[in-house]
Every structure is written in structure tokens, then in C-alpha cells.
1. Take the residues in the range 60-98 that are more than 18 Å from E132 (Cα to Cα) and either aromatic (F, W, Y) or not assigned by TED's automatic domain parsing to the domain that holds L40 (or both); name whichever of them is farthest from ligand 2 (Cβ to nearest atom).
2. Quick check on N41: is it over 16 Å from the mean Cα position of the chain (by Cα) and touching a residue at least 24 places away in the same chain (Cβ under 8 Å)?
3. Could you look through the range 107-132, keep only residues that are farther than 17 Å from V38 by Cα, in contact (Cβ under 8 Å) with a residue 12 or more places away in the chain and surrounded by fewer than 16 Cβ atoms within 10 Å (Cβ to Cβ), and pick out the one that is nearest to ligand 2 (Cβ to nearest atom)?
Amino acid sequence: MKRGKSLSRAGRIGLSLGTASALVVGFSGLAYADDTTVTLNHGGHKMGYMKHEDEEPDSFKVCDTYANGHGVTGSLYMWLVYPVNKWRKLDEVSDGGAAGCGKFEHDINNNRYQLRIEGHGGTGIELKNFTE
Ligand SMILES: [Ca+2]
Ligand SMILES: [Ca+2]
């Protein structure tokens with residue numbers, strides 16, 4: 001009986017610790033959940049999208065979502081103030097009809113960035129700016 005009591009007290013402590021750490025994880029998850037997606041529509045179809053997944057390291061996924069014989073290319077740009085004051089391409093990846101999506105990793109910092117997705121064969125281009 002005595003033994004049973006002490007076990008249940010240990011169980012309670014374990015439970016409250018678990019709840020506290022779950023809360024902390026929940027809050028930090030909210031604070032850093034900052035994914036950005038840019039979608040390319042053309043001729044009434046969703047041609048593809050590019051998504052920034054805010055994790056360590058940052059990763060970028062480019063997916064062709066429409067079977068039209070043309071792929072898509074997604075690229076990541078950073079605003080470069082000095083010495084040119086313009087967008088500079090950091091990386092890019094293409095995706096076509098094959099299974100899966102294109103993906104690259106590129107760690108980004110406190111700066112202005114832009115996602116660009118362009119449809120091959122003149123099927124449009126779409127941009128989205130974001131700040132990390
Ligand atoms: Ca396509
Ligand atoms: Ca694909």
C-alpha cells in the first residue's frame with residue numbers, strides 16, 4: 001500500500017513535468033512556424049508551387065503539380081544592398097513530371113528574400129517576398 005502511494009506520486013510529478021515541456025514545445029513551435037509558399041497559376045491550372053520550410057537548415061521544395069509537358073523552376077533570391085542594390089539568386093531547383101519534388105537546402109538569416117517559381121515553356125512566373 002505504502003509502495004503503491006509513492007509510485008503514484010512519482011507518476012503525478014512525471015505527468016506535470018511532461019505537460020510543462022509540452023507547453024514549451026508548443027509555444028516555440030508557434031514562434032518559428034514561418035513557412036512561406038508561392039503558387040504558380042496559369043491558364044486556370046495550378047502549375048506548381050515553391051515552399052520554404054523554416055527548419056534547421058532551411059529547405060526549399062519545388063513541385064510541378066500539372067501534367068502539361070513542362071516543368072517548373074523555383075529559385076531563392078536575397079536582397080543585396082551593397083554594392084548592387086538588387087536581387088541576387090542564391091539557389092534554384094527544377095521539377096518535372098517524375099515522382100517527387102525538387103528540393104535544396106540553404107540556410108538563411110535576418111534579411112529580405114524572394115521566392116520565384118517559373119513555368120517552363122512560357123507558362124508564367126510568380127514571386128513572393130518574405131523576411132526571415
Ligand atoms: Ca508541369
Ligand atoms: Ca515532380
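The values are calculated or read from the model by the stated rules, or taken from the named source; none is laboratory data. Every value quoted in this text rests on a predicted model; they were computed, and no experiment measured them. Cβ placement follows ideal geometry from the backbone for every residue including glycine, while neighbour counts extend to all protein chains displayed.
1. Y82
2. Working: over 16 Å from the mean Cα position of the chain (by Cα): yes; touching a residue at least 24 places away in the same chain (Cβ under 8 Å): yes.
It is true that N41 is over 16 Å from the mean Cα position of the chain (by Cα) and touching a residue at least 24 places away in the same chain (Cβ under 8 Å).
3. Ranking the qualifying residues of the range 107-132, first place goes to G121.
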